[in-house]
Amino acid sequence: MNALRMRDVSVRYPDADRDSLDSVSLDIARGEWVLLLGANGAGKSTLCMLTNGLIPHVVKCSLKGQVEVFGKDVARHSVATLSTKVGIVFQEPENQLFCMSAEEEVAFGPENLAIDREEIAARVEWALETVGLLGCNDRPPSSLSGGQKQRLAIAAALSMRPEMLVLDEPTYALDPIGRIELYSLLADLKKKHNMTVLVVERDAEEAAAFADRIALMSEGRIVRTGRPKEVLADPNALRFIGVPPPQLCEFSEALYTRVGGPKIDSITLEAVAREISTVLSAKKGVEVIHP
Amino acid sequence: MGCQNMTGFVDLYSEGGTFLHRIDARVKIVAVLFLSVLAFLLSNVYSLTLLLAFIFILLFLARASLSRTWFALRFVIRFMVLIVVLWPIFDPSGTPVWATFGPVKITEPAVWRGVTSAVRVGCLACVWYILMFTTSQRDLVRALVKMGLRFDFGLALAISLRFLPTFSATIDSIKDAERARGMELDKGSLLKRSRNYVAILVPTIVSALRSADTLSLALHSRAYGARADRTYLREPKMRRQDAAALSVVIALLVVPVFFKFVLGVPL
């Protein structure tokens, strides 16, 4: 059974002149990390809202096709039920943190499910520790930094004990270091708890290296899926859908057009550096110093 | 700046370890209500002054910083002075007449009525300040919910308190952005100035509506409203000292009421 299974899903908002999702099919395996890339208005957020039933239960629109999370049809289960399977983190940390302390924020979900007090306390402790915010229990969320706020939002989702996390442009307000911290946290959850991860971004800069698979989205359709290396090997495909390719890929591309040699298809800094030195050392008159 | 002002105005709470901080917020709410009722029942200026003195002692026991206390008291004192000055001017009843300025008669009973009302207003305001100084918004909302306020109302209250500084910050950045592009918000006639503020209001409301959208999605995503029997991680608990404080509070209302209405002592 897959974590997410979408078959020919179309979504249209009232008064819209086209479908926001246009017969989308997508499978995400348990424990898999999928990075969904697309420009503004590609339908990424709509897809996110399907995963825990916000569509069709809260957001009014017409839904065709079938969406199952961990075998549960989202149209037939309440958002509350699905929220114990899928935790969602939105772009703006400011608007999804509404409690007066970090602890209350994390306890809010389990409290709504009428879970025992001791169990809630244990979950709060675990979730705050997992995201590295233990000790900030009584701090008002507004006093936290951007990265801390986003990690608190993740903790608030984690306390529902979901098996999948869906993050809609979680690094929008973060600097590159904050982004890497956030992705490393998710990588840790994936490793330790076999967490399924769906991250939505508008660019692949730091995100690509963490993903198992990348899906490209444009105008309500998934236009391509594949391993990060394969997808990023074609920067023009990214540009075509309005997603800037990672700088490393652009660099490799430029190097290939000017120097020639074997095409560099790695996506991490280390690997690209290694490959560049191979390419360059194959050229006459270039001496490569190995560190 | 604005953000701080706004927060300061809305949240007077300052952390501290005084007994007033430690008492169950429910007891404090009851105390505030009882003392307010008492302030209305008492009509003798001396007993009201005694009550005000008692409230003042509590206010200083709350150990809020002097600047904060002054910030709070400033308004009350201004208001009290205004009452003392204006009451006799608009109330010409009673004798003896102390002075006459054209149609305005200043009488002795009116002056006393003014002072009495001013002291009563002082009591009513300061007693609330004690609560606000010593109780965090979080405890206040929790206490109200525990006292029977519906959870969704409590949540709405908590959310509005939580978002006030956010909106204040939004307004500030919109103002700054408009000023940076040459808008002179505080120039021109009153009408022009109030029109200028429409340019701030519209983007603020738009941004508020957007926040509300995300907020509602976030609430649903965390199973808000899933069950009527929701549990609470932290709940206010009545301890022995809270019970003791509550009995003192009850006595504070009952004893004067007994003396005044049963024994007929003119309190």
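Using a 10 Å Cβ count of at most 14 others and DSSP loop calls, identify the longest part of chain B lacking such trypsin sites (Lys or Arg not before Pro).
That would be B:1-149.
Kindly identify the stretch B:109-267 as rounded, prolate or oblate by the Cα gyration tensor criterion: order the square roots of the eigenvalues as a ≥ b ≥ c, call it rounded if a/c is under 1.5, otherwise compare a/b with b/c, prolate if a/b is larger, else oblate.
Since a/c reaches 1.5 but b/c is at least a/b, the shape of the stretch B:109-267 is classed as oblate.
Residue by residue through B:208-220, how many Cβ atoms from other chains fall within 10 Å of the Cβ on average?
That works out to 6 on average.
Between A:ARG117 and A:LYS229, what is the spin-label point distance in nm, taking each point 7 Å from the Cα along the Cα→C-beta axis?
Using points 7 Å along Cα→Cβ, the separation is 5.5 nm.
Over all alpha-carbon pairs of chain B, lay out the pair-distance distribution in 5 Å bins, whole %, shortest bin first.
Each 5 Å bin holds this share of Cα pairs: 1, 5, 9, 11, 12, 12, 12, 11, 10, 8, 5, 3, 1, 0, 0.
In terms of the Cα gyration tensor, with a ≥ b ≥ c the square roots of its eigenvalues, is the stretch A:49-94 rounded because a/c is under 1.5, prolate because a/b exceeds b/c, or oblate?
Cα axes put the stretch A:49-94 in the oblate bin.
About the Cα centre of the stretch B:147-221, what is the dipole size in debye to 20, counting +1 per Lys and Arg Cβ and -1 per Asp and Glu Cβ, all else neutral?
That gives a dipole near 240 debye.
Using only the Cα atoms of the stretch A:1-113, what semi-axes does the equivalent ellipsoid have when each is the square root of 5 times a gyration tensor eigenvalue? Give whole Å, largest first.
24, 17, 14
Kindly sort A:ASP175, B:ASP91, B:ASP242 by accessible area of their heavy atoms, largest first, with the probe set to 1.4 Å.
A:ASP175, B:ASP91, B:ASP242
Relative contact order for chain A: what percent, with Cα pairs under 8 Å and sequence separation of 6 or more?
21
With all protein chains present and a 1.4 Å probe, how do B:THR49, B:THR18 order by accessible area, largest first?
B:THR49, B:THR18
Quick one: net charge of B:THR116's neighbours, Cβ under 14 Å, K/R +1, D/E -1?
After counting each charged neighbour, the total is 0.
Defining a contact as two alpha carbons under 8 Å apart and six or more residues distant in sequence, what relative contact order in percent does chain B show? Mind dumping the intermediate values first?
Details: 234 pairs, mean separation 77.3, N = 267.
Relative contact order, chain B: 29 percent.
If you project the alpha carbons of the stretch B:1-106 onto their three principal axes, what span does each projection cover, largest first, in Å?
54, 36, 19
Between B:LEU41 and B:SER14, what's the calculated FRET efficiency when r is the beta-carbon distance and R0 is 35 Å? Round to 0.05.
0.65
Test of understanding: given chain A, find the longest segment containing no trypsin sites (Lys or Arg not before Pro) that are in a DSSP loop and have at most 13 other Cβ atoms within 10 Å.
No qualifying site falls inside A:77-262, the longest such stretch.
Output the 0 to 90 degree angle, nearest 10, between the alpha-carbon long axis of helix A:102-112 and the longest principal axis computed from the alpha carbons of chain A.
60
Tell me, how many Å apart are the Cα centres for the stretch A:70-98 and for the stretch A:177-206?
That distance is 18 Å.
Once B and A are treated as a pair rather than alone, how much accessible area drops out, both sides summed, in Å² to 100, probe 1.4 Å?
3100
Enter the accessible area of A:ILE177 (Å², nearest 10), with the probe set to 1.4 Å and all protein chains included.
120
Taking a ≥ b ≥ c as the square roots of the eigenvalues of the Cα gyration tensor of chain A, is the shape rounded (a/c under 1.5), prolate (a/b larger than b/c) or oblate?
It comes out oblate by the Cα gyration axes.
Return the FRET efficiency for the residue pair B:ALA243, B:TRP70: r is the Cβ-Cβ distance, R0 is 25 Å, and the value is rounded to the nearest 0.05. Before the final figure, lay out each step's value.
Numbers: r = 34 Å, r/R0 = 1.37.
According to the calculation, E is roughly 0.15.
Just round it to a whole percent: the fraction of Cα-Cα distances in the stretch B:24-174 exceeding 24 Å.
50
If you wrap the protein assembly as shown's Cα atoms in a convex hull and average its projection over all directions, what's the area in nm²?
Over all viewing directions, the protein assembly as shown projects a mean Cα-hull area of 37.5 nm².
Cα atoms only, the stretch B:113-152: Rg and Dmax in Å?
Gyration radius and largest Cα-Cα distance of the stretch B:113-152: 14.5, 43 Å.
What are the lysines whose alpha-carbon lies under 18 Å from the alpha-carbon of A:LYS283, with same-chain residues fewer than 8 places away excluded?
Candidates past the 8-residue exclusion: A:LYS263.
Compute the whole-percent fraction of alpha carbon pairs in the stretch A:72-123 spaced more than 18 Å apart.
Result for the distance tail: 43 percent.
Hey, got the average number of other protein chain Cβ atoms within 10 angstrom for residues in B:233-242? Spell out each step's value before the answer.
Values: counts 15, 8, 1, 0, 0, 0, 0, 0, 0, 0.
That average works out to 2.
Taking the Cβ of B:ARG239 as the center, what net charge do the other residues with Cβ under 10 Å away carry, scoring Lys and Arg +1 and Asp and Glu -1?
Working: positive: B:ARG22, B:LYS237, B:ARG240; negative: B:ASP24, B:ASP242.
Combined, the nearby Lys, Arg, Asp and Glu give +1.
Please compute the average number of Cβ atoms from other chains found within 10 Å of each residue's Cβ in peptide A:136-149.
So the per-residue partner count for this stretch is 1.
Just the accessible area for A:CYS61, please: 1.4 Å probe, Å², rounded to the nearest 10?
Roll a 1.4 Å probe over it and A:CYS61 shows about 30 Å².
Under 13 Å from the Cβ of B:MET183, count the other residues' Cβ atoms, weight Lys and Arg +1, Asp and Glu -1, and hand me the total.
Summing Lys/Arg as +1 and Asp/Glu as -1 gives +3.
May I ask you to give the solvent-accessible area per residue for the protein assembly as shown, in square angstrom, as obtained with a 1.4 angstrom probe?
50
With the Cα gyration tensor of the stretch B:147-221 in hand, give its eigenvalues times 5 under a square root as the equivalent ellipsoid semi-axes, listed largest first in whole angstrom. If you can, show how the numbers build up before the last one.
Details: eigenvalues 211, 40, 18 Å².
Listed largest to smallest, the semi-axes of the stretch B:147-221 are 33, 14, 10 Å.
The values are calculated or read from the model by the stated rules, or taken from the named source; none is laboratory data. Small disclaimer: the values here were computed from a predicted structure and weren't measured. Using ideal geometry, Cβ is built from the backbone for each residue, glycine included, and neighbour counts are taken over all protein chains shown. All accessible areas refer to the heavy atoms of the entire protein, side chains included, with ligands and DNA or RNA removed. Shrake-Rupley method; radii C 1.70, N 1.55, O 1.52, S 1.80 Å.
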